[in-house]
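The values are calculated or read from the model by the stated rules, or taken from the named source; none is laboratory data. In this text the structure is predicted, and so the values were computed from the model without any measurement. We place every Cβ from the backbone using ideal geometry, glycine too, and count neighbours over all the protein chains shown. SASA here: full protein model, heavy atoms, side chains in, ligands and nucleic acids out. Shrake-Rupley method; radii C 1.70, N 1.55, O 1.52, S 1.80 Å.
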Amino acid sequence: MSRDNRAKKLAQQQGIPYAEALRLTRTDGAKAHVLNQKLLALVKKECWDLVGDHIQYRWGGGIVAGRVFDDELRLPSPPQVEQLRIHVMDVDYDALAWRPVESTGTGVQSGYVTVPARVGLRGEAKTANLPDDPTMRVVDEYVDESTVIVSLERNVVLRWHCVLVPGKDPDLLFGQAEPQSSHPYPAR
C-alpha cells in the first residue's frame, strides 16, 4: 500500500486532516500501527470486562453505580426493568477509532477511543408492567410468578478516554455508551 493510501486511510480512521496523516505516515507510520494494535488489544480486553456489568441509572435523587449508557438510548430503568446488565456484545473492532483531543510538548496525548457495538442487555421485569420497547424480548426464564427475565438490544458507540504516554502502554478509562448516529434502534 502506498504512503498516500495509508495517509488517506489513517485520516479517515482517526478523523484528522490528510496533511497531518501524511506527516504521520512519513515519520510515525510504524509507531501508529503499533499504537493501533495496542489499542485494539486493550479495547478487546475492556469489552470482555464490560460483559456482566450493571448499567447505571437514576433512582430518586441519586444515581446507582454502574456503566454509563447515554440517556438518549432510552433504556428502561427501575421499576420497569431492574438489575439491568450487559449480557452480550457484538463489537466491530475494524471500526476502532482514535480521536486525539490534546497533546503536550512532551509527547503525552489524550483523546477518545471509540468502537461501534451491538449490545444485548438483560434484566428483570414485572409481567404486569412490561415497558414498550421494540427490541425487548421475554426470555424463557422466570424469576417468580410475576417477574420475568427480559432482554433488549441497542446499537451503541463505546467510548473510552485514553492517555498516551511515550514508551508506556495506553491508559483507557471507560466513558460511556452512546447511540450510533444512524438508526439507534434498527429492527432486526
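In the neighborhood of residue 127, defined by Cβ-to-Cβ distances under 11 Å, what is the net charge if each Lys or Arg adds +1 and each Asp or Glu adds -1? Here the count lands on -2. Ordered from largest to smallest accessible area (heavy atoms of protein chains, 1.4 Å probe), the residues 8, 38 come out as 8, 38.
Fully extending the segment from residue 169 to residue 94 would add 25.0 nm, taking 0.36 nm per residue of separation and subtracting the current Cα-Cα distance. Would you mind telling me which residue in 16, 55, 149 has the biggest mean-square fluctuation in a Gaussian network model of the chain, where springs connect alpha carbons within a distance under 10 angstrom? Between 16, 55, 149, it is 16 that shows the largest mean-square fluctuation. Backbone phi angles across region 123-135, fed through the Karplus curve with coefficients 6.51, -1.76 and 1.60 (θ = phi - 60°), yield HN-Hα couplings of x, 10, 9, 6, 5, 7, 9, 6, x, 8, 9, x, 9 Hz in residue order; Gly and Pro are listed as x.
Think of each Lys and Arg Cβ as +1 and each Asp and Glu Cβ as -1; about the Cα centre, that makes the dipole of region 32-188 roughly 400 debye.
Calculate, for region 72-114, the solvent-accessible area per residue in square angstrom, rolling a 1.4 angstrom probe over the heavy atoms of the protein chains.
On the way: 2520 Å² over 43 residues.
The answer is 59 Å² per residue.
Under the membrane-span-like helix rule (DSSP H runs whose alpha carbons stretch at least 30 Å along the helix axis, mean Kyte-Doolittle hydropathy -0.5 or higher), the chain yields 29-50. With the charge dipole of the chain set up from +1 on Lys and Arg Cβ and -1 on Asp and Glu Cβ about the Cα centre, the Cα lying farthest toward the positive end among the listed residues 138, 112, 87 is that of 112.
Here the Gaussian network model covers the chain, with springs between Cα atoms less than 10 Å apart; of 126, 44, 168, 168 fluctuates the most. Helical content of the chain, expressed as a calculated mean residue ellipticity at 222 nm, amounts to -7500 deg cm²/dmol (DSSP H runs of 4 or more residues, -39,500 (n - 2.57) each, divided by residue number, nearest 500).
Structure remark: mean-square fluctuation, Gaussian network model of the chain, C-alpha springs under 10 Å; the largest value among 82, 124, 102 belongs to 102. Neighbours of residue 142 by Cβ distance under 12 Å: Lys/Arg scored +1, Asp/Glu scored -1, total -4.
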